[in-house]
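So that we are looking at the same thing, I have put the structure below in structure tokens.
The values are calculated or read from the model by the stated rules, or taken from the named source; none is laboratory data. From a predicted model like this one, the values you see are computed outputs, not experimental measurements. Note that each Cβ is placed from the backbone with ideal geometry, even for glycine, and that neighbours are counted across all protein chains shown. Note: areas computed on protein heavy atoms with side chains; ligands, DNA, RNA excluded. Shrake-Rupley method; radii C 1.70, N 1.55, O 1.52, S 1.80 Å.
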Amino acid sequence: MTQITDNDAILKIAQKEFGRTPDSVTRMTTGICNEVYTVAIGEREYIFRLKDEPRYMLGSHNNIPLFRSKGIPVPEILAEDYSKTWLPVAFQIQSKLAGRDLGEVIETLSDDELKAIGAEVANVFRQLSTVPNNGRFGVLWGDDKDLVDSWSAEVARVTRVVTAWGKQTGVLDDKLEHVLNKVNSEYRSYFDRIRPYTYYGDIAGKNVMVHEGRFSGLVDLDSLAQGDPLEAVGRIKASWYGTRHGNVYSEAVQEALGLPPEQRRIVTMYALLNRTFGTLENGVQFNRNTSRVVDRDREADDKRAVDQLLAELTGETVPRPAEQPKPEAKRTAKAAEPKIPAEPTIRPDEPRTETEDIPLIAVSEPSLPPEAEAPPPAKPARKRRAPAAKTTALEMIPIPGVEPVLETPDLKPEAETVLESLAPLPPAPVLPSYGPATTASPAILRPVLEASGISKTYVSDGIGFNALSNVDLKIGRGDCIAIVGKSGSGKSTLMHLLACLDAPTDGYVYVDGDDTSTMSEPEKNRLRNEKFGFVFQQFFLNGRDTVFENVVLPLRIRGASDFDLASRSDEALAAVGLTDKADKKAKDLSGGEKQRVCIARALVGEPQVIFADEPTGNLDSNTGAAVENLLFDLNRNKGITLVIVTHDPDLARRCERIIEMRDGRIVAEYRGEAAQ
């Protein structure tokens, strides 16, 4: 497509979908799979993606709902058409996530911010590790035609193609050829043993969005990889190798994943392999954002990094040059050169030169190289129940617990934990009961939710990691509770177990006195539909459906009559002040309105409990305050039990009970303002 054709297509799409012409159109030069534009229409900006071949965008069509189902912040597809009937191109319109690419801002971030973002990225690996796949290797787009039958074959294929590139450009030398031969021969038996796991490979040098120093989501989701997630961790290490910020960020991801030394060595091997691949991409033109001219400065930098990574892998003592002080003017000039890709790794999503199309390299299983391999330890026996189907943790990465990405780390330096900022409130060592004392009655004395000795253990390579350890908690009818703690403390894991979204490894969860461990999955689904409502930081609305259709979804699942759908949606929308928005498309609402639609959807089924995970995390302060007031009014006026997971100390303070978690345990309980 030419630039003029792109503009014409964008004009026609905007007229059809929004009924008006764009105010501005800006081409994005970081994405290299599709023609991607930021389009301003009115007060909002949208992402328009165009492509002659719809196959690539069909990947994001499939992947975005998957990411959303895992609680991972990603754009929303607002409109799409792959038919090429009224336009000669396929297109998507996506919402625009707040922030900028990590690669654009990483040098400006503090160590604490880098560590928090690294923890969120590690959560993405955990969330996707449970996604089933077809047992083959490579990259999934809208289909699986690029997959191969072994990981060794995938590594060898990528090696073969980049070697050909390096010969054509003259970048390949004896040292790089030695590195490729060494990795492919010495780690061949490791590659042969890999079982494929699902992960997002393009999570290294770009596609991680950062807003005000915090992780805000992922973009460019056309592909998923099947193979070894340690490959992508290695790609993260390779991206900014030898810099302070790169080291802090890479270490944060590996630390959050709990990688032992032998797996960290595998990560270094993949970093070496990927940096070598990236070196050999230099001078290969994939599209308008890349150049056929070899960048000699970049070549020299890449080859130095390859030498250092090889020395690290083999234990040699090659000194790494100290990171230079920031030469601001030089760095700015360098960053302006579009021919230097932000990520030094082969991307399979790119339209290639006429050689061979390469799927993203993807690989697994944490073991030492063959010569140092030790037999795996035996897996610890589970005490009461086997884990639910299709929820096995990623075996090659020891995972210390699953904390969904919806959690946004608290980066305020003045408070070590959320609870420190609550110090002015008088703590109560233990609350004597559940629920307000003024409402005690025989029916209410039985808690609506009870956790009895629950633990959650994730087993990887025979090693168990405790996300929760022997937690006891009772929540009464009408309670208003905040669960607080740092990222990785177990607060979202606890909420997921209480809400029957996951099953404990040990212990019991009771809902209205009923033991949920005895329930079948259909019974748990029915329980959640009838008794629980959910409000999350990400809205999980279907942008193309009306507000009414989004709100009544829980009732449709129940098989409610048309009369019930109309009457109960009217009541729910009236409660959140959106009666006049029932027929509007969800994509046309503001962020605050979307969150109120989510609350209406939670209300429409007349739940006993509303679970809210960072419900105001994506809202400005005024809108967030309005949403908070709405939730607390529902708790006070309707007696709905409210369980909030949050990093916000002001929000936590407004609750009656504040539960602090650390390392998978409840370490303290405080009285909030509502209990005073």
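Inside the stretch 218-250, can you point out the residues that are part of a loop (DSSP other than H, G, I, E, B) and polar (S, T, N, Q)?
Listed by number, the residues that qualify are Ser223, Thr243.
When only residues in the stretch 176-187 that are in contact (Cβ under 8 Å) with a residue 60 or more places away in the chain and touching a helix residue (DSSP H, G or I) at 6+ places or on another chain (Cβ under 7 Å) count, which is farthest from Val131 (Cα to Cα)?
Per the stated criteria, the residue is Leu176.
If you check Ala600, Ala612, Ala626, which single one turns out to be at pLDDT below 85, in contact with a helix residue (DSSP H, G or I) (Cβ under 9 Å, 6 or more places away or on another chain), closer than 26 Å to Gly672 by Cβ and not basic (Lys, Arg)?
Of Ala600, Ala612, Ala626, the one residue that is at pLDDT below 85, in contact with a helix residue (DSSP H, G or I) (Cβ under 9 Å, 6 or more places away or on another chain), closer than 26 Å to Gly672 by Cβ and not basic (Lys, Arg) is Ala626.
Then there's this: Using the structure shown, decide if Gly135 is in contact (Cβ under 8 Å) with a residue 12 or more places away in the chain and under 28 Å from the mean Cα position of the chain (by Cα).
yes
Condition first: within 32 Å of the chain's Cα centre (by Cα) and without any contact (Cβ under 8 Å) to a residue 60 or more places away in the chain. Now tell me which residues in the stretch 17-30 satisfy that.
Result: Phe18, Pro22, Asp23, Ser24, Val25, Thr26, Arg27, Met28.
Which members of the stretch 599-618 meet the condition of being touching a Lys or Arg at 6+ places or on another chain (Cβ under 8 Å) and of a type in the set (Val, Ile, Thr)?
The answer is Val604, Val609.
Could you grab me the full set of residues in the stretch 233-250 that are open to solvent by less than 10 Å² (accessible area, probe 1.4 Å), β-branched (Val, Ile, Thr) and over 15 Å from Arg126 (Cα atoms)?
Once the filter is applied, which keeps residues that are open to solvent by less than 10 Å² (accessible area, probe 1.4 Å), β-branched (Val, Ile, Thr) and over 15 Å from Arg126 (Cα atoms), the stretch 233-250 yields only Ile236.
Please return the ranges of strands (runs of 3 or more DSSP E) entirely within the stretch 461-552 where 2 or more residues are open to solvent by 10 Å² or more (accessible area, probe 1.4 Å).
The strands (runs of 3 or more DSSP E) meeting that bar are 463-475, 506-511, 532-536.
Being out of contact with any strand residue (DSSP E or B) (no Cβ under 8 Å at 6 or more places or on another chain) and modelled with pLDDT under 85 is the filter here, so list the residues in the stretch 4-30 that pass it.
Scanning the stretch 4-30 gives Ile4, Thr5, Thr29.
Still on this structure: How many of the residues making up the stretch 189-204 are buried (at least 24 other Cβ atoms within 10 Å of the Cβ) and either in contact with a Ser or Thr (Cβ under 6 Å, 6 or more places away or on another chain) or over 27 Å from Ser150 (Cβ atoms) (or both)?
2
From the list Leu642, Leu589, Leu619, pick out the single residue that is on the phi < 0 side of the Ramachandran plot, free of Cβ contacts under 8 Å to residues at least 60 places away in the same chain and either open to solvent by less than 20 Å² (accessible area, probe 1.4 Å) or of a type in the set (Phe, Trp, Tyr) (or both).
Leu589
Report, by residue number, each residue of the stretch 598-616 that is under 25 Å from the mean Cα position of the chain (by Cα) and open to solvent by 30 Å² or more (accessible area, probe 1.4 Å).
Across the stretch 598-616, the qualifying residue is only Arg601.
On to the next question. Just to be sure I understand the filter: pairs with C-beta atoms under 6 Å, separated by 6 or more residues or on different chains, first member in the stretch 81-99 and farther than 18 Å from Asn7 by Cβ, second member open to solvent by 30 Å² or more (accessible area, probe 1.4 Å). Which pairs pass?
Lys96/Glu45; Ala98/His211; Gly99/His211
Among the residues that make up the stretch 218-232, is at least one of them surrounded by fewer than 24 Cβ atoms within 10 Å (Cβ to Cβ) and within 24 Å of Trp165 (Cα to Cα)?
Checked against the condition, which is being surrounded by fewer than 24 Cβ atoms within 10 Å (Cβ to Cβ) and within 24 Å of Trp165 (Cα to Cα), the stretch 218-232 yields no hits at all.
Sort out which residues of the stretch 252-305 are among the β-branched types (Val, Ile, Thr) and buried (at least 18 other Cβ atoms within 10 Å of the Cβ), and write them in order of number.
Val253, Ile266, Val267, Thr268, Thr276, Thr279, Val284, Thr290
What are the residues in the stretch 165-196 that are closer than 16 Å to Ala271 by Cβ and polar (S, T, N, Q), if any?
Asn184
Quickly run through the stretch 566-585 and pick out the residues that are surrounded by 19 or more Cβ atoms within 10 Å (Cβ to Cβ) and either free of Cβ contacts under 8 Å to residues at least 24 places away in the same chain or assigned to a helix (DSSP H, G or I) (or both).
Once the filter is applied, which keeps residues that are surrounded by 19 or more Cβ atoms within 10 Å (Cβ to Cβ) and either free of Cβ contacts under 8 Å to residues at least 24 places away in the same chain or assigned to a helix (DSSP H, G or I) (or both), the stretch 566-585 yields Arg568, Ser569, Ala572, Leu573, Ala575, Lys581.
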